[in-house]
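Here is the structure we will look at.
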Amino acid sequence: MPMEVRDDKAAKDKLVELIKDARIAMLTTRHADGSMHSRPMGTIEAEFGGHLWFVTDKNADMIAELQAIPDVAITYSDERKQNYVSISGRAEILHDPAKVKELWSEFLRVWFPKGPADPAIALLRVTVDCAEYWDAPSSMMLHAYGYVKAVTTGERPHPGDQVAVNY
């Protein structure tokens, strides 16, 4: 079944909600030698307009990677709800104390004990180029339904919404 492609507000709102539910992303960057590296990152904010915000250490290895090659891939997985998101975008590193204060939560103090004024803080803003999401019924329900459908009709079940969102 071909993926539905949308660019409307409802699709973008759905994408933001799926990201907020998952919160932890796997952010993938590319090394200068072409190899890729993924690491878990906590999403600080997802904006309807197509920006994702992360906080990182200004001395992290990925800073040099992103300055050389700003293209990133970000994935979210909420296995509990069977929701999955894949994002392609461009990252930029920002040093903006006002934005750090705006995005700050005490949860970040674990990594930045000096608080929002910590000079080690760098912001990572990802501008989303395109995204895809899969919003499926629960795994147990899909499996049971799929089994019955396969046995009785010889056809696969519909796995739920599969949507590409363009920005």
For region 1-111, dividing by residue count, accessible area per residue (probe 1.4 Å) in Å² works out to 58
Across 10 Å bins beginning at 0, the whole-percent shares of Cα-Cα pair distances in region 18-80 come to 20, 52, 25, 3
Once R109 and D21 are pulled to full extension, the length gained, defined as 0.36 nm per residue separation minus their Cα-Cα distance, is 29.5 nm
With the label point 7 Å along the Cα-to-beta-carbon line of A64 and a cut-off under 12 Å to each amide N, the hits in region 33-55 are 33
Mean Cβ-within-10 Å packing, highest first, puts peptides 36-48, 11-23 in the order 11-23, 36-48
Pairs over 29 Å Cα to Cα, from K81/K101; K20/K58; K9/K114; K9/K81, come to K81/K101; K9/K114
Share of accessible surface on carbon and sulfur in region 23-113, whole %, 1.4 Å probe and ligands ignored, is 54
From highest to lowest solvent-accessible area (probe 1.4 Å; ligands, DNA and RNA excluded), W53, W111 read W111, W53
Sorting L94, L123 on solvent-accessible surface, 1.4 Å probe, most exposed first, gives L94, L123
Expected vector for region 90-103, Karplus 3J(HN,Hα) from phi with 6.51, -1.76, 1.60 and θ = phi - 60°, integer Hz, x for Gly and Pro, equals 10, 9, 9, 9, 10, 10, 9, x, 5, 5, 4, 4, 5, 8
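The values are calculated or read from the model by the stated rules, or taken from the named source; none is laboratory data. Remember, it's a predicted structure, so these values are computed and weren't measured experimentally. Neighbour counts are summed over all protein chains in view; Cβ atoms, including those assigned to glycine, are modelled from backbone coordinates with ideal geometry. Accessible surface areas use protein heavy atoms only, side chains included; no ligands, DNA or RNA. Shrake-Rupley method; radii C 1.70, N 1.55, O 1.52, S 1.80 Å.
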